[in-house]
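**Q** First the structure, which I've put down as structure tokens, then a few questions once you've had a look.
The values are calculated or read from the model by the stated rules, or taken from the named source; none is laboratory data. Predicted, not measured: the structure shown is a model, and the values here were computed from it. Cβ atoms come from the backbone with ideal geometry, glycine included; neighbour counts cover every protein chain shown.
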Amino acid sequence: MVNQAKSMFDKIWARHIVSPETADTPAVLYIDLHLTHEVTTPQAFSVLRDRGLGVRRPDLTLGTVDHSSPTTTAGLRGIATADTPQARQILEFERNCRDFGIECLGLDSEHRGIVHVVGPEQGATQPGKTIVCGDSHTSTHGAFGALAFGIGTTEVGHVLATQCLLQRKPRSMAVNVGGVLPAGVSAKDLVLALIGKIGVGGGSGHVIEYRGSAVRALSMEERMTVCNMSIEAGARAGMIAPDETTFEYLRGRPRVPGGAQWEAAVARWRELASDEGAAFDKEVELDASALAPMVTYGTNPGMVIPVDGRIPATGDDPALQKALEYMGLEPGAAIAGSPIDIVFIGSCTNSRIEDLRAAAAILRERKVAAGVRLLVVPGSQAIKRAAEAEGIDAVVRAAGGEWRESGCSMCIAMNGDSVGSGKYSVSTSNRNFEGRQGAGARTLLAGPATAAAAAVTGRVTDPRELMV
Amino acid sequence: MDPITRIHSRTLVLPATDIDTDQIIPARFLTTTARAGLGRHAFEDWRYDADGTPTAHVLNQLDPGDHRILVGGHNFGCGSSREHAPWALLDYGFRAVISTGIADIFTANSLKNGLLPVVVDEPAHRWLLDNPGAEIDIDLEACVVRLPGDREVAFHIEPFARYCLLQGIDQLGFLLAKNDEIAAFERQAGPDVSAATNPN
């Protein structure tokens, strides 16, 4: 008997096929939401200009500035006259949006922020949609039961001009997370543990659906953290079936349907979940109950251990030898207690209000250790305001940390916020690649509580020791 | 884009696994608004010390013009979606990347720019890693890599991308020609599909 049960991915994919895949040609896939930012679009707009093309659906396109944005008020004030590549890139993006009729939440918008924070916050990210952006962390939006993936600049041009992409259907992978996350263990720890288990190429060619009791129990912020890191396992996308948690998050947001249309939309969204018995090309099991706070020790997110664990022996693994040499860490040593220089709390992975609260809970009535710099960068201006209303900014400042304007900041070190060569950073971002946080920077990825704990002690620290 | 049928060159071997796009082109060079000129920053932090002094890295010892085929370790091109990575490799002089696994977005980006992503089996990859500088032939028409000694290794490349590379045409023209179908799709699509993102 043919298995008629469909996965959520199958359903969303089928609904967006303009013309089906054949042996000779990929499917033409319709895109419902195209998010854009300053770094990966300028060359695409140039192609449109060169070929005399317009943007087919500016109403399905939304822009904001994040990667190159200054996070200091002085930097923001000076942008119009700053003769820097970053400033030119931002101003060119805002001009491109104006010229092509695209709504841009630019530097002067109170709604701007990191593109993967803004989409959900504005309610533009909705279940069942196909969502793309010239950024690999577009997988974040899958937390809402959308099919969301990163594309390159040529494909950005394709979507601008035709609202479509040429795509072969990826394979599917179910990640079943049973059990319950223990106290003091975050969604970041969950996804780092997964990447440690399957490796940085473990999801290649696949769209992941995260399932199971531990996933259902996650808040939307936590789900976004998990889906965000799907690309760090090499996956095309990550997604989680929408449920009451999803609907409650979206209800009343600016771009979601209102009134009777809301109820109709929720009814449709309920149908998206994978059917009982839907088949996946690959399945992975993870027990949330067995997890601890995680921290990376190497130069990719798969090089990760529990914070109370030991760095593995290198054996004859040249990749691990090279990674530890770069990191200046000893094989076999405990990671806890390693001295650090900088703590960065921010990025599309962990800059949302719950992340800032988790960090503030550790920082409250404590001080940043001598010689350590703490940088807290909210994911959006709206999150910044919400955090300030709760007094989180005051907690950060009282601890001796820097409280900044929103942007990608030290996650990618494009805007001038960088770690410095040879220095150790505990970062809530997504990549610990060589030089990711600036040339020579040594990055240890962790969740917000672990990062805040390191700021207070000046060393890699199990955050549960500082929780009351 | 010029048609590509065959690439014949010596290899340059970077055996590290998981070579990510931040190594290929560090993020600080993404502030450009052009495609051109990224080659001089390809693998910048491997090729230069902090003070700009060239390192002893193999990339600094070989003439890129004679080594147009990059052989990388498994899972090449992982990380970000930056198309600046294939732009930088092409501008540097590479025309193909060979590995046992090449990341999805990097593959898609490479195919659109005429950088051939070639995934080969483990034994062929091992031979290539062990024989840096080998003169080999990548035949896109036959989808085989020819190693010295008449050894042939088959590879797969997405058929439509291969067709476009062989013809020297880009994929946007194909999509633009679908305009009527796209318009028809938009007219019949259900309520969640193609719904405007603008505030109500």
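**Q** Is there a residue being of a type in the set (A, V, I, L, M, F, W, C), on the phi < 0 side of the Ramachandran plot, more than 14 Å from chain B (Cβ to nearest Cβ) and out of contact with any helix residue (DSSP H, G or I) (no Cβ under 8 Å at 6 or more places or on another chain) anywhere in the range A:106-114?
**A** Checked the range A:106-114: at least one residue is of a type in the set (A, V, I, L, M, F, W, C), on the phi < 0 side of the Ramachandran plot, more than 14 Å from chain B (Cβ to nearest Cβ) and out of contact with any helix residue (DSSP H, G or I) (no Cβ under 8 Å at 6 or more places or on another chain).
**Q** Report whether or not A:ARG211 is at the interface with chain B (Cβ under 10 Å from one of its Cβ atoms) and surrounded by fewer than 24 Cβ atoms within 10 Å (Cβ to Cβ).
**A** no
**Q** Now, a different point. Quick check on this structure: which one of A:GLY379, A:GLY391, A:GLY400 is more than 14 Å from chain B (Cβ to nearest Cβ), at pLDDT 95 or above, out of contact with any Pro (no Cβ under 8 Å at 6 or more places or on another chain) and buried (at least 24 other Cβ atoms within 10 Å of the Cβ)?
**A** Exactly one of A:GLY379, A:GLY391, A:GLY400 is more than 14 Å from chain B (Cβ to nearest Cβ), at pLDDT 95 or above, out of contact with any Pro (no Cβ under 8 Å at 6 or more places or on another chain) and buried (at least 24 other Cβ atoms within 10 Å of the Cβ), namely A:GLY379.
**Q** With B:ARG6, B:ARG35 as the choices, which residue is in contact (Cβ under 8 Å) with a residue 24 or more places away in the chain, within 16 Å of the chain's Cα centre (by Cα) and more than 16 Å from B:SER110 (Cβ to Cβ)?
**A** On inspection, the qualifying residue turns out to be B:ARG6.
**Q** Could you look through the range A:16-52, keep only residues that are of a type in the set (A, V, I, L, M) and more than 8 Å from every other protein chain (Cβ to nearest Cβ), and pick out the one that is nearest to A:LEU105 (Cα to Cα)?
**A** This residue is A:LEU35.
**Q** Restricting the search to the range A:438-468, which residues are over 11 Å from A:VAL426 (Cβ atoms) and charged (D, E, K, R)?
**A** A:ASP462, A:ARG464, A:GLU465
**Q** Taking the range A:167-198, which residues are crowded, with 19+ Cβ neighbours inside 10 Å and either over 20 Å from A:GLU354 (Cβ atoms) or within 14 Å of chain B (Cβ to nearest Cβ) (or both)?
**A** Once the filter is applied, which keeps residues that are crowded, with 19+ Cβ neighbours inside 10 Å and either over 20 Å from A:GLU354 (Cβ atoms) or within 14 Å of chain B (Cβ to nearest Cβ) (or both), the range A:167-198 yields A:GLN167, A:PRO170, A:SER172, A:MET173, A:ALA174, A:VAL175, A:ILE195, A:GLY196, A:ILE198.
**Q** Is one or more of the residues making up the range B:154-169 farther than 30 Å from A:LEU29 by Cβ and away from chain A (no Cβ under 14 Å)?
**A** For the range B:154-169, residues farther than 30 Å from A:LEU29 by Cβ and away from chain A (no Cβ under 14 Å): absent.
**Q** Would you say A:HIS158 is surrounded by 24 or more Cβ atoms within 10 Å (Cβ to Cβ), closer than 30 Å to A:TYR30 by Cα and without any contact (Cβ under 8 Å) to a residue 12 or more places away in the chain?
**A** Against the criterion (surrounded by 24 or more Cβ atoms within 10 Å (Cβ to Cβ), closer than 30 Å to A:TYR30 by Cα and without any contact (Cβ under 8 Å) to a residue 12 or more places away in the chain), A:HIS158 qualifies.
**Q** Moving to a separate point now. How many residues are farther than 26 Å from B:ASP63 by Cβ and surrounded by fewer than 15 Cβ atoms within 10 Å (Cβ to Cβ) when one looks only at the range B:133-150?
**A** 3
**Q** Name the one entry in B:GLY79, B:GLY52, B:GLY73, B:GLY93 that is under 29 Å from A:PRO301 (Cα atoms) and touching a Pro at 6+ places or on another chain (Cβ under 6 Å).
**A** B:GLY73
**Q** Moving on to the next point. Which ranges mark the helices (runs of 4 or more DSSP H) fully within the range A:315-406 that have 1 or more residues being aromatic (Phe, Trp, Tyr) and farther than 15 Å from A:ALA454 by Cβ?
**A** Where helices (runs of 4 or more DSSP H) fall fully within the range A:315-406 and carry at least 1 residues being aromatic (Phe, Trp, Tyr) and farther than 15 Å from A:ALA454 by Cβ, they are A:318-327.
**Q** Now for a different question. Considering every residue within the range B:115-129, establish whether at least one is surrounded by fewer than 21 Cβ atoms within 10 Å (Cβ to Cβ), within 14 Å of another protein chain (Cβ to nearest Cβ) and among the hydrophobic types (A, V, I, L, M, F, W, C).
**A** yes
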